[in-house]
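The values are calculated or read from the model by the stated rules, or taken from the named source; none is laboratory data. Bear in mind that the values here come from a model prediction, so they are computed numbers and not experimental data. Glycine gets a Cβ as well: all are built from the backbone with ideal geometry, and neighbour counts include every protein chain shown. These accessible areas exclude ligands, DNA and RNA; they are computed on the full protein's heavy atoms, side chains included. Shrake-Rupley method; radii C 1.70, N 1.55, O 1.52, S 1.80 Å.
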Amino acid sequence: MLTQHRVLVLNSSYEAINICTAKRAILMLLSGKADLVENAGEEVRSPTFRMTLPEVIRLRRYISLPYRPIPYCRKNIMLRDGFICQYCGEQFSPDELTLDHVIPISRGGHDSWSNVVTACKHCNHKKGNNLLEELGMNVLSRPRRPTLPTFLHLVRVIGKKRDVWRKYLFYDDDEENEAVV
Ligand SMILES: [Zn+2]
């Protein structure tokens, strides 16, 4: 539950700036880097502590976003891809997804934003060490480093389905009709 439940992270100014796992959010709360804003109404228990599952947290220190590049990591690649397998187009939960090198490392591919996509286990296995053209497969969209506006847009798309997040993401009525990624 702690690695699957996603938590909205607000800047100290209450702007939504990120999504993290409940595990990370709890660590930030325990270390005093963030305060709890909304909880999910469920309790997390371990032998040593018990606390409510966070839903929205707020950083104590303001982070200046324009100077902060989006970190290259598993979570952000999946967020960029909307938790959708880039080969079959199905949406999965994070633990059912893997990352796939479009051009396999063994064939000269790099570990980078432009060569790594989200893939379900089935598609990843099917692709193996092959190139897309060898299997007649395609990617839904060409992978790229997301820009900050794209990234924040994705946070909003995901947040739309989460009632507790909505009031921090300030949706206009117009956006209700926008296509969901
Ligand atoms: Zn797939």
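Could you identify the single residue in Arg61, Arg107, Arg24, Arg45 that is open to solvent by 40 Å² or more (accessible area, probe 1.4 Å) and within 16 Å of the chain's Cα centre (by Cα)? Can you show your working first?
Details: Arg61 fails: within 16 Å of the chain's Cα centre (by Cα); Arg107 fails: within 16 Å of the chain's Cα centre (by Cα); Arg45 fails: within 16 Å of the chain's Cα centre (by Cα).
After applying the criteria, what remains is Arg24.
Is it the case, given these coordinates, that Glu175 is at pLDDT below 80, loosely packed, with under 13 Cβ neighbours inside 10 Å and not β-branched (Val, Ile, Thr)? Walk me through it before giving the result.
Details: at pLDDT below 80: yes; loosely packed, with under 13 Cβ neighbours inside 10 Å: yes; not β-branched (Val, Ile, Thr): yes.
Taking the combined requirement at face value, the residue satisfies it.
Looking only at strands (runs of 3 or more DSSP E) that lie completely in the stretch 1-110, which have at least 2 residues being within 16 Å of the ligand (Cβ to nearest atom)? Outline the logic, then answer.
Values: elements: 6-10, 16-21, 34-45, 50-59, 97-101.
Qualifying strands (runs of 3 or more DSSP E): 97-101.
Can you confirm whether Pro94 is open to solvent by 60 Å² or more (accessible area, probe 1.4 Å), of a type outside the set (Val, Ile, Thr) and under 19 Å from Cys20 (Cβ atoms)? Before you say what the answer is, go through the steps one by one.
Numbers: open to solvent by 60 Å² or more (accessible area, probe 1.4 Å): no; of a type outside the set (Val, Ile, Thr): yes; under 19 Å from Cys20 (Cβ atoms): yes.
Here the answer is no, as Pro94 does not meet what is asked.
Looking only at the stretch 119-136, which residues are open to solvent by less than 70 Å² (accessible area, probe 1.4 Å) and away from the ligand (no atom under 16 Å from the Cβ)?
Leu131
Among (1) closer than 18 Å to Arg142 by Cα; (2) near the ligand (Cβ under 10 Å from one of its atoms); (3) surrounded by 15 or more Cβ atoms within 10 Å (Cβ to Cβ), which single condition is Val116 missing?
Evaluating Val116 over (1) closer than 18 Å to Arg142 by Cα; (2) near the ligand (Cβ under 10 Å from one of its atoms); (3) surrounded by 15 or more Cβ atoms within 10 Å (Cβ to Cβ) leaves (2) as the failure.
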